[in-house]
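Before any comments, here is the structure.
The values are calculated or read from the model by the stated rules, or taken from the named source; none is laboratory data. The model shown is predicted, which means the values in this text are computed figures rather than measured ones. Ideal geometry is used to build each Cβ from the backbone, glycine not excepted, and the neighbour counts take in all protein chains shown. Surface areas here come from the heavy atoms of the whole protein model, side chains and all, with no ligands, DNA or RNA. Shrake-Rupley method; radii C 1.70, N 1.55, O 1.52, S 1.80 Å.
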Amino acid sequence: MLCLLISLSGFGQQKPDLPDTTGYQIQDSVMIKTNYGITLSAVVVRKKGVRHKLPAALLYFIYSNANRSLTEAKYAADHGYVGIVADARGKRLSPDKPEPYEHEVKDVHAVIDWITMQPWSDGSVGMYGGSYSGFAQWAAAKNLHPALKTIVPYVAAIPGLGLPMENNVFLTANYQWAFYVTNNKYTDEAVNNDNARWRRMRSKWWESGAAYNRIDSIDGTDNPWLQKWLSHPDYDDYWQSMVPYKKDFKNINIPVLTITGYYDDGQVSALEYLREHYKFNPGAEHYLIIGPYDHFGAQRGGSADLRGYKVDSLALINTRQITFQWLDYVLKGGKKPELLKDKINFEIMGANTWKHARSLEKMQGNEVRFYLDSIPGGALVLSEKRPLKPDFVYQKVDLGERKSYNNDYYPDPIIKKQIDSSNGLFFMTRPFEKAVSVSGALQGQLKAVINKKDMDVGLVLYEITPDGSYFQLSYYLGRASYAKDMSKRKLLMPGKLETIPFYRSRLFSKQLQKGSKLLLVLNIDKNPFAQINYGTGKDVSFETVKDAGDPLEIRWSTHSYIKLGFSDTDF
């Protein structure tokens, strides 16, 4: 789990050979001085012999790497653009201090402003790139420069939603990222790759029962960025200032192409941008490509083997080629990429086919609710019929116990021969009588009575195939007290029936085999990979194992349900 979650930060780790520079005009030490006292560095590449003005293809990069930047800019020049790779504040040649996330709204705007003043610029800019570079594009869109005509964000991050916390739960797995990008002008590979150190830190913190805000003292090196982020457990003004928020999306009228994957760790961020864009700007020209890719794979176009899953041949695409086809479509009046037959373009795993829909809602097809029910004898089922009278399913979790982990949700491998059944609740459908495809996000509504003021909930959805394997489809992790509003915590009232809606999970599409069943695992998150919510109502980062008190007792109402979209309801 650790290595794959850490990969969220590793977009800049690829180190291509120094490219052939013959036939190019290369400026690899450009200094962009802003009118507010900050200096940024950039690489600019143009084809020799081109005398007319050109649009610019801009990649904004925090994982500074001179060879990588030159390769990217050269590729853009080869495709009829001025290729520009700009380094984030404090990186490469910038004399300033690295301060991730906090200034991209302003800094990217300044870079675009600089581009438009160059003699080779035709006044139009398109941006592209993944992960942090995807975030930077949305930051630029918050304060939209007239010259920015389109963005192509892959696996784009939202600070405070996907990282360093997901649905208001702070994660340990990407802990060292701040060191990785701020320790020097490039990237601190030694720190990032010191897996033994980070395993040791997590284990010691977990076993000690210390507060989460003490984890850096357990490591032995202060982490001021972590402490700063922990001081913002709400999705408050600090996080909201970094990317478009709510009504900001109304003013984003440029075409957007989002690319992400079913197994992208940051998928919740990429799709939050899309949902909010359409919510506040229903006429937005915003397209999505999504398939069986992880964080790196979506930036390339996939791989034939994804964590043990043999990917359908038609799912494999060329992300870079599609990117520049899109830029040509927007900036040069070219043809739209062939794959974009509608706004939402998704590959159905197991069917080896692409489908196309007008919206995420249309992607889901026929919506079916499955209620978390129990039947005589104690078996737990996902029932298509709402119980006439609600009953309750009981769960008890000792939050102070350290012998076992709760909520094994990370999809690696994607297909498992067995899963941990030592804790959690397991709800199962009847076998499907025929093959049917299911598409969309794992979403729904939980109803529960608990004896504490809060809890962190985990849900994992599997297909149990006829041979008994578990194919992981989606998962959700979130804090109950933020379920209705991630910007404002509302504690649960002990002893009262509470409603917990959820939708920021992993979107997926899969053809289920005849004879397969769906399995939903419901659990409480308690493991070394995230904060532990002891339910006192205090800031979770300050809680210790001494706050565990009595075990968490939950009565889950059988009127709780999940919603899934099916191609056919006659199954």
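Output the residue which, of all residues in segment 337-365 that are out of contact with any Phe, Trp or Tyr (no Cβ under 9 Å at 6 or more places or on another chain) and assigned to a loop (DSSP other than H, G, I, E, B), is most open to solvent (accessible area, probe 1.4 Å).
It comes out as Arg358.
Among the residues of segment 279-295, are any within 21 Å of Lys142 (Cβ to Cβ), in contact (Cβ under 8 Å) with a residue 60 or more places away in the chain, part of a helix (DSSP H, G or I) and within 19 Å of the chain's Cα centre (by Cα)?
Scanning segment 279-295 turns up no residue that is within 21 Å of Lys142 (Cβ to Cβ), in contact (Cβ under 8 Å) with a residue 60 or more places away in the chain, part of a helix (DSSP H, G or I) and within 19 Å of the chain's Cα centre (by Cα).
Kindly check whether there is at least one residue in segment 532-546 that is part of a helix (DSSP H, G or I) and among the basic types (Lys, Arg).
Yes, that holds for at least one residue.
Does Ser474 qualify as being among the hydroxyl-bearing types (Ser, Thr, Tyr) and either surrounded by fewer than 16 Cβ atoms within 10 Å (Cβ to Cβ) or closer than 16 Å to Lys563 by Cβ (or both)?
It is true that Ser474 is among the hydroxyl-bearing types (Ser, Thr, Tyr) and either surrounded by fewer than 16 Cβ atoms within 10 Å (Cβ to Cβ) or closer than 16 Å to Lys563 by Cβ (or both).
Between residues in segment 403-424 that are within 20 Å of Asp265 (Cα to Cα) and at pLDDT 95 or above and residues that are of a type in the set (S, T, N, Q) and part of a loop (DSSP other than H, G, I, E, B), which pairs lie under 6 Å by C-beta distance while being six or more apart or on different chains?
Listed pairs, sorted by first residue: Asn406/Asn423; Ile415/Ser469.
Among the candidates Asp467, Asp485, Asp550, which residue alone is under 26 Å from the mean Cα position of the chain (by Cα), charged (D, E, K, R) and surrounded by fewer than 19 Cβ atoms within 10 Å (Cβ to Cβ)?
Asp485
Could you tell me whether Leu507 is open to solvent by less than 10 Å² (accessible area, probe 1.4 Å), under 21 Å from Asp264 (Cα atoms) and more than 20 Å from the chain's Cα centre (by Cα)?
no
Can you tell me which residues in segment 417-436 are open to solvent by less than 20 Å² (accessible area, probe 1.4 Å) and farther than 14 Å from Leu520 by Cα?
Phe432, Val436
How many of the residues making up segment 380-407 are more than 27 Å from Ser567 (Cα to Cα), open to solvent by less than 50 Å² (accessible area, probe 1.4 Å) and of a type in the set (A, V, I, L, M, F, W, C)?
Of the residues in that region, 3 qualify.
So Ile500 clears everything in (1) over 20 Å from Ile414 (Cβ atoms); (2) open to solvent by 10 Å² or more (accessible area, probe 1.4 Å); (3) more than 20 Å from the chain's Cα centre (by Cα) except one condition, right? Which one?
Failing condition for Ile500: (2).
Which one of these does Asn184 not meet: (1) farther than 22 Å from Phe61 by Cα; (2) open to solvent by 20 Å² or more (accessible area, probe 1.4 Å); (3) not aromatic (Phe, Trp, Tyr)?
(1)
Conditions first: (1) of a type outside the set (Lys, Arg); (2) under 23 Å from Arg489 (Cα atoms); (3) surrounded by 16 or more Cβ atoms within 10 Å (Cβ to Cβ). Trp206 passes all but one, so which condition is the exception?
Going through the list (1) of a type outside the set (Lys, Arg); (2) under 23 Å from Arg489 (Cα atoms); (3) surrounded by 16 or more Cβ atoms within 10 Å (Cβ to Cβ), Trp206 breaks only (2).
Quick one: Lys247 ticks every box in (1) assigned to a loop (DSSP other than H, G, I, E, B); (2) open to solvent by 60 Å² or more (accessible area, probe 1.4 Å) except a single one, so which number is it?
For Lys247, the failing item is (1).
Could you tell me whether segment 213-235 includes any residue that is surrounded by fewer than 20 Cβ atoms within 10 Å (Cβ to Cβ), in contact (Cβ under 8 Å) with a residue 24 or more places away in the chain, within 30 Å of Tyr287 (Cα to Cα) and not β-branched (Val, Ile, Thr)?
yes
Residues that are among the aromatic types (Phe, Trp, Tyr), touching a Gly at 6+ places or on another chain (Cβ under 9 Å) and within 30 Å of Ile252 (Cα to Cα): does segment 180-189 have at least one?
Within segment 180-189, not a single residue is among the aromatic types (Phe, Trp, Tyr), touching a Gly at 6+ places or on another chain (Cβ under 9 Å) and within 30 Å of Ile252 (Cα to Cα).
Tally the residues that are modelled with pLDDT under 95 and over 32 Å from the mean Cα position of the chain (by Cα), restricting the search to segment 353-378.
Count: 4.
Would you say Ile38 is under 27 Å from Asp20 (Cα atoms) and open to solvent by less than 40 Å² (accessible area, probe 1.4 Å)?
So Ile38 fails the test.
Being modelled with pLDDT of 95 or more, of a type in the set (Phe, Trp, Tyr), open to solvent by less than 50 Å² (accessible area, probe 1.4 Å) and farther than 30 Å from His145 by Cα is the requirement here; does Tyr273 meet it?
no
Could you tell me how many of the residues in segment 313-336 are open to solvent by less than 20 Å² (accessible area, probe 1.4 Å) and not aliphatic (A, V, I, L, M)?
Residues flagged as open to solvent by less than 20 Å² (accessible area, probe 1.4 Å) and not aliphatic (A, V, I, L, M) within segment 313-336 amount to 4.
Quickly run through segment 234-254 and pick out the residues that are within 19 Å of the chain's Cα centre (by Cα) and among the β-branched types (Val, Ile, Thr).
Residue satisfying the conditions is Val243 alone.
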